[in-house]
Amino acid sequence: MEILDKRGEPKKIAEEIFAHHRDAKKRPSIPNWLTILLTILIWAIGIIMVWLFPNWTQEENFMFVLVAY
């Protein structure tokens, strides 16, 4: 009960949290399609870089592609 006394009334705490949540939804965010597109592009760039890196063998490249997939 000490914690509730320090924080205040539960109803007031809940109202503050919900108000903050409503404000957070108003902020601009990255669209879902852009997130998926960037993930695919970054994955593809990583695969290309692995194949172009001369220090790895072909077996290691195949292993990386299998693990990354």
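Residues that are modelled with pLDDT of 80 or more and in contact with a helix residue (DSSP H, G or I) (Cβ under 7 Å, 6 or more places away or on another chain) within segment 1-42 comprise just one, Ile13.
Just one of the numbered conditions (1) modelled with pLDDT of 80 or more; (2) under 18 Å from the mean Cα position of the chain (by Cα); (3) surrounded by 10 or more Cβ atoms within 10 Å (Cβ to Cβ) is not true of Ala68: (1).
The values are calculated or read from the model by the stated rules, or taken from the named source; none is laboratory data. Values in this document were obtained by computation on a predicted structure and should not be read as measured data. Cβ: placed from backbone, ideal geometry, glycine included. Neighbour counts: every protein chain shown.
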